[in-house]
Amino acid sequence: MSLFQTKPLAKILADSAGDHAMRRTLTASNLVALGIGAIIGAGLFSLTGLAAANHAGPAVAVSMVVAAIGCAFAGLCYSEFACMIPVAGSAYTYAYTTLGEWIAWIIGWDLILEYAVGAATVSISWSGYLVSLLGDFGIYLPAQFVAGPFEPVRLPDGQMVTGIINLPAVLIVLLISGILILGIRESARTNNIIVVVKLLVVLLFIGIGWMFIKPENYTPFIPENTGVFGDFGLSGIFRGAGIIFFAYIGFDAVSTAAQEAKNPQRDMPIGIIGSLAICTVLYVLFSVVLTGMVPYTDLGVSAPVAVAVDQTPYPWLKLLVKFGILAGFTSVMLVMLLGQSRVFYSMSRDGLVPKIFSEIHPKYRTPWKSNLLFFLFLAPLSGFLPISVVGEMTSIGTLFAFVIVCAGVLVMRRTQPDTPRPFRTPWVPLIPIMGILWNAWMMYSLGEDNWLRLIGWLVLGQIIYFAYSRKRSLLRRDA
C-alpha cells in the first residue's frame with residue numbers, strides 16, 4: 001500500500017458512529033469558550049513581554065496582528081474541514097482524507113508536541129504561580145514538594161530550593177484529567193467558568209492600565225534593526241510574531257471536539273473564527289497597554305505583567321492578575337488534554353496506536369482510558385522535569401500543522417470537488433496558498449535551533465511509524 005493512501009470520507013464518518021460515537025452536547029458558545037480557554041494563557045502573560053524586549057519593541061502589537069493573520073488563513077481552512085468531516089482528530093483526520101496515511105501520522109505525532117508537551121509545561125508554570133499567590137497570603141508549601149529535583153526554584157521568601165517532586169503540577173493534571181473523564185458537558189461548564197474569570201482579569205488590566213500609559217514609551221515604535229535578522233526592525237516584527245504565535249495556539253483544538261458538537265456544520269466555524277477574532281482584539285489592546293506602561297527594554301522577564309502592575313498604586317491588582325493567570329493556565333491545560341485525547345482516539349481507531357486509546361466509557365461516552373494513560377504519561381513530566389523554554393518549539397510544530405491543513409484544502413478541492421461543504425473557505429486557492437506561505441515564513445523566522453528540534457521529533461515519530469504503526473494500520477489491512 002502506498003504511503004499516501006487516503007482514507008475515504010464515507011469510511012471516516014461511518015467509523016465515528018455506533019459504539020464509538022461520542023455524546024454531542026457542545027453548542028456554538030461552548031466552542032467559542034473552548035477556543036478562548038485554550039488561546040488566552042501562558043503566551044499572553046509571558047511571551048508578549050519577551051517578544052517586545054528582544055525583537056519587536058512597542059511594535060509587538062503589530063506582531064500580534066501578523067500572527068493573527070496567519071491564524072485566520074489557517075482558521076478558514078480548518079472550518080471547511082471541520083464541517084466536511086465533523087469527527088474527532090482535527091488536522092490528523094483532515095490529512096488522512098486528503099494527503100494520505102504517512103502525512104496524517106506526521107501531523108498526529110506533531111500534535112503530541114503541541115498538546116502533551118505544552119500541557120506538561122503549563123502545569124509547571126501553574127504550580128509556580130500558585131506558590132507565588134499563596135506566598136502573598138503568608139502560606140508556604142513544603143519546599144521539597146513544589147519543585148522537581150533538576151531545577152532550583154526561588155520561593156516567595158527568597159529561598160532557593162531543589163525539591164523532590166512538583167506536587168501541585170501533578171495534582172492539577174490529575175484534576176483536569178478527572179473532569180475530562182466525567183464528560184465533555186462537565187468539561188465545557190468548567191471551562192466556561194474559568195474563561196469568564198480570566199476574561200474579566202484581562203479586561204481589568206487593559207482598563208486600569210490604559211490610565212497609566214506613558215506616550216514616550218512608544219518612541220521609537222519600531223526600534224532600529226541591530227544588523228541581525230529578527231533583532232528589531234521589520235524582521236523583528238516577524239520574529240516576534242513567530243514567538244507570540246504560541247499565544248494563539250488553541251483555536252485549532254476547537255476542531256478536535258467536532259464529534260461532540262450539536263450542530264458541527266454551523267457551530268464549528270463560529271467556534272474557530274469567533275474565538276480567534278475575540279482573542280486578537282484583546283491581544284492587541286493588551287500589548288498596547290503593556291508597552292505603554294513600561295519601557296519595552298524592561299519587559300524581558302518571565303512575569304512582564306507583574307512589572308506593569310507595579311506601576312499602579314493598586315496592590316490588590318497584582319493578586320487579581322496572578323489569580324487570572326492561574327485560571328488561564330487551567331483552561332489551557334483542559335483544552336490541550338481534551339485535544340490530545342481526541343487526536344489519539346482517532347489514531348487508535350485507525351490502528352496506528354494501541355486500541356486502548358479509542359475505548360469509550362459506557363456511561364460518560366468519553367475516551368476515559370486515553371485520558372487516564374495521558375495522566376500517567378504527563379505526571380512524571382510535570383512532577384520531576386524542569387520547566388524548559390518550549391514556547392518556540394511548540395509554535396513551530398503547530399505552524400507545521402497549519403501548513404498541512406491549508407495544503408489539504410487545495411488537494412480536497414481538486415480530488416473531491418462535489419463533496420458537500422456546509423462552510424467553504426473563501427477565495428480558493430488564494431487563502432490556502434497565503435496560509436501556506438504566511439505560516440511557513442513564521443516557521444522560518446523561528447531560527448535554526450527550532451528547526452533541528454522539530455526534525456529530531458519527527459524522526460523519532462518515523463521510527464515508531466515504520467516499526468509499529470504501518471504494520472497495524474487498518475487501512476493497510478483492508479487494502
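The values are calculated or read from the model by the stated rules, or taken from the named source; none is laboratory data. Since this is a predicted model, take the numbers as computed values, not measurements. Cβ atoms come from the backbone with ideal geometry, glycine included; neighbour counts cover every protein chain shown.
Can you tell me which residue in segment 136-178 is surrounded by the most Cβ atoms within 10 Å (Cβ to Cβ), limited to those that are in contact with a Leu (Cβ under 7 Å, 6 or more places away or on another chain) and at pLDDT below 80?
So, considering only residues that are in contact with a Leu (Cβ under 7 Å, 6 or more places away or on another chain) and at pLDDT below 80, the one surrounded by the most Cβ atoms within 10 Å (Cβ to Cβ) is Gly148.
Among the numbered criteria (1) touching a residue at least 24 places away in the same chain (Cβ under 8 Å); (2) part of a helix (DSSP H, G or I); (3) over 14 Å from Ser331 (Cα atoms), which single criterion is violated by Leu234?
Just one mismatch for Leu234, condition (1).
I'd like to check something: does segment 198-207 contain any residue that is outside any helix (DSSP H, G or I) and surrounded by 15 or more Cβ atoms within 10 Å (Cβ to Cβ)?
Kept after step one, since they are outside any helix (DSSP H, G or I), are these residues of segment 198-207: none.
No, segment 198-207 has no match at all.
Those residues that are under 19 Å from Val117 (Cα atoms) and surrounded by 13 or more Cβ atoms within 10 Å (Cβ to Cβ), I need them from segment 444-478; list them, please.
From segment 444-478, those under 19 Å from Val117 (Cα atoms) are 446, 449-462, 464; that's our starting set.
If the condition is that a residue be under 19 Å from Val117 (Cα atoms) and surrounded by 13 or more Cβ atoms within 10 Å (Cβ to Cβ), then Leu446, Asn450, Trp451, Arg453, Leu454, Trp457, Leu458, Gly461, Gln462, Ile464 are the ones that fit.
Report every pair of residues separated by at least 6 positions or lying on different chains whose Cβ atoms are under 8 Å apart, first residue within segment 118-140 and touching a residue at least 24 places away in the same chain (Cβ under 8 Å) and under 18 Å from Val321 (Cα atoms), second assigned to a helix (DSSP H, G or I) and of a type in the set (Val, Ile, Thr).
Cβ pairs passing all conditions: Val122/Val332; Ser123/Val170; Ser123/Ile172; Ser123/Val173; Trp126/Ile172; Trp126/Thr330; Ser127/Ile172; Tyr129/Ile325.
Answer with yes or no whether Leu31 is crowded, with 22+ Cβ neighbours inside 10 Å, under 30 Å from Pro362 (Cα atoms), at pLDDT 85 or above and in contact with a strand residue (DSSP E or B) (Cβ under 7 Å, 6 or more places away or on another chain).
In short, yes.
Here are some residues: Ser473, Ser469, Ser395. Which one is in contact with a Phe, Trp or Tyr (Cβ under 7 Å, 6 or more places away or on another chain), at pLDDT 85 or above and of a type in the set (Gly, Ala, Ser)?
Ser469
Hey, could you check segment 76-97 for residues that are under 15 Å from Asp350 (Cα atoms) and of a type in the set (Val, Ile, Thr) and say which is modelled with the lowest pLDDT?
If we take residues in segment 76-97 being under 15 Å from Asp350 (Cα atoms) and of a type in the set (Val, Ile, Thr), then Val87 is modelled with the lowest pLDDT.
Within segment 413-433, which residues are among the hydrophobic types (A, V, I, L, M, F, W, C) and farther than 24 Å from Gly250 by Cα?
Trp427, Val428, Leu430
When you go through (1) surrounded by fewer than 19 Cβ atoms within 10 Å (Cβ to Cβ); (2) within 20 Å of Cys71 (Cα to Cα) one by one for Thr415, which number turns out not to apply?
That leaves (2) as the condition not met.
Name the helices (runs of 4 or more DSSP H) wholly within segment 406-479 that hold at least 1 residues that are among the charged types (D, E, K, R) and under 25 Å from the mean Cα position of the chain (by Cα)?
Output list reads 448-464.
Residues checked against (1) surrounded by fewer than 18 Cβ atoms within 10 Å (Cβ to Cβ); (2) within 15 Å of Ala51 (Cα to Cα); (3) touching a strand residue (DSSP E or B) at 6+ places or on another chain (Cβ under 6 Å):
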{"position": "Thr219", "(1), (2), (3)": "yes, no, no"}
{"position": "Gly227", "(1), (2), (3)": "yes, no, no"}
{"position": "Phe238", "(1), (2), (3)": "no, yes, no"}
{"position": "Asp267", "(1), (2), (3)": "no, no, yes"}
{"position": "Gly271", "(1), (2), (3)": "no, no, no"}
{"position": "Leu285", "(1), (2), (3)": "no, no, no"}
{"position": "Tyr296", "(1), (2), (3)": "no, yes, no"}
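Within segment 365-385, is even one residue among the β-branched types (Val, Ile, Thr) and modelled with pLDDT of 85 or more? I'd like the intermediate steps shown before the answer.
Looking only at segment 365-385, we keep the residues that are among the β-branched types (Val, Ile, Thr), and these are 366.
Subset that is modelled with pLDDT of 85 or more: none.
No, every residue in segment 365-385 fails to be among the β-branched types (Val, Ile, Thr) and modelled with pLDDT of 85 or more.
Yes or no: Asn191 of a type in the set (S, T, N, Q) and modelled with pLDDT of 85 or more?
no
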